[in-house]
Amino acid sequence: QQVQIGVFGGTFDPIHTGHLAVAHAALRRFRLDCIYFVPSGLPPHKSPDRLTPYLHRYTMVALGCADNPRFVPSLLEAGRDLAGRSRSYSVDTVRRLRRRWPNARLYFTLGADQFLTLPTWKKYRTLVKLCDLIVAARPGFRLRARRTTRIVSQLPAGARIHWLTTVHADISATTVRRRARRGLPLRNLVPLAVEAYIRSAGLYSRS
Ligand code: ATP
């Protein structure tokens, strides 16, 4: 039987229970053998000055993945010096995974908000030829909205898109950072080990 591999990219600043809910749902629904969590180096669409250093984001991803042997923290976008200082593009990451898993079925996983930006991504048409897409529902972004349909129509014929409608996680990393800055508890928003790491490393604090 063909190996089924998920790929989940993001800034993960920090990883939160919304990401984990998406990954769990994708694992179950597509019977994935594993899902790679790939923290981005410098994401093309986010301001680098406000981004937490790669090492911290990767560490939190690793802590968040620790409870599930099928969740694999990945250094694919770390760059040669592992500092996450280069721009990262999903198409390149998926190409590298394709080389590592020539016969697997690859599922690139993203939230509905990111799907709406897909036509601005580098070589997005190539990306969708290299893998399936799993688009997870996200509160505030309707999967059946006209904007979504328009994007689907811009994809190459035969693109394999799967809608993951069973997740309803009303949480964002922005909320987590804001709460951490105010010293509010992060229970249920991030895994316990991630909350402890945020505190001990002093991330998202005012200073
Ligand atoms: P921020 O608030 O900093 O913009 P974020 O919460 O959107 O961050 P990212 O790391 O940017 O988190 O997201 C990585 C991927 O996970 C993206 O594809 C995003 O759409 C998806 N994602 C994040 N949170 C959710 C959620 N609550 N439900 C569904 N998908 C999500």
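Under the classification rounded if a/c is under 1.5, otherwise prolate if a/b is larger than b/c and oblate if not, where does segment 83-140 fall, given a ≥ b ≥ c as square roots of the Cα gyration tensor eigenvalues? Write down the numbers at each step before the final one.
Details: a/c = 1.81, a/b = 1.28, b/c = 1.41.
Oblate shape, in that a/c is at least 1.5 and b/c is the bigger or equal ratio.
Neighbour counts of other C-beta atoms within 10 Å: give me Ile5, Ile151 arranged from fewest to most. Numbers along the way, then the final one.
Numbers: Ile5 22, Ile151 18.
With the fewest neighbours first, Ile5, Ile151 line up as Ile151, Ile5.
Calculated FRET efficiency, Leu55 and Val3, Cβ-Cβ r, R0 25 Å, to nearest 0.05?
Values: r = 30 Å, r/R0 = 1.21.
Calculated transfer efficiency: 0.25.
List, in order, the whole-Hz ³J(HN,Hα) value for each residue of segment 156-166 obtained from phi through the Karplus relation with A = 6.51, B = -1.76, C = 1.60 and θ = phi - 60°; use x for Gly and Pro.
Values, residue by residue: x, 4, x, 4, 9, 10, 10, 9, 9, 9, 8 Hz.
Set the Förster distance to 22 Å, then compute FRET efficiency between Arg147 and Lys123 from the Cβ-Cβ distance, nearest 0.05. Before the final figure, lay out the partial values.
Numbers: r = 21 Å, r/R0 = 0.97.
Efficiency for this residue pair is about 0.55.
Taking 0.36 nm per intervening residue step and subtracting the Cα-Cα distance, what contour gain separates Trp163 from His45 on full extension? Display every interim value, and only then the final one.
Details: separation 118, 0.36 × 118 = 42.48 nm, distance 2.35 nm.
Extra length available between Trp163 and His45 comes to 40.1 nm.
How many angstrom lie between the C-alpha centres of segment 38-63 and segment 70-99?
Computed from Cα coordinates, the inter-centre distance equals 12 Å.
For the chain, calculate the relative contact order in percent as a whole number, restricting contacts to Cα pairs under 8 Å that are 6 or more residues apart.
On the way: 345 pairs, mean separation 50.2, N = 207.
Relative contact order comes out at 24 percent.
Cβ neighbours within 10 Å, averaged per peptide: list 60-68, 152-160, 16-24 in order, most packed at the top. Present the calculation step by step, with values, prior to reporting the outcome.
On the way: 60-68: 19.6, 152-160: 11.2, 16-24: 22.0.
The densest-packed peptide leads the list: 16-24, 60-68, 152-160.
Between helix 90-100 and the chain, what is the angle of the helix's C-alpha long axis to the longest principal axis, kept within 0 to 90° and rounded to the nearest 10?
Once rounded, the angle reads 70 degrees.
Where the centroid of each part is defined by its Cα atoms, how far is segment 187-207 from segment 114-160 in Å?
32 Å
Can you give the calculated 222 nm mean residue ellipticity of the chain, where each DSSP H run of n ≥ 4 adds -39,500 (n - 2.57) and the sum is split over every residue, rounded to the nearest 500 deg cm²/dmol? Display every interim value, and only then the final one.
Working: 8 runs with 75 residues, N = 207.
Rounded to the nearest 500, the figure is -10500 deg cm²/dmol.
Counting Lys +1, Arg +1, Asp -1, Glu -1, what net charge surrounds Ala26 among other residues with beta carbon under 13 Å of its beta carbon?
Values: positive: Arg28, Arg29, Arg31, Arg70, Arg105; negative: Asp33, Asp132.
Value of the local net charge: +3.
Please report, in debye to the nearest 20, how large the charge dipole of the chain is about its Cα centre when each Lys and Arg carries +1 at its beta carbon and each Asp and Glu carries -1 there. Mind dumping the intermediate values first?
On the way: 35 positive and 11 negative charges, 116 e Å.
Roughly 560 debye for the chain.
Quick note: the coordinates plus some simple rules give every number you see, no bench work behind them. All figures in this text were calculated on a predicted structure; none of them were measured in a lab. So basically every Cβ, Gly included, is an ideal-geometry build from the backbone, and we count neighbours across all protein chains shown.
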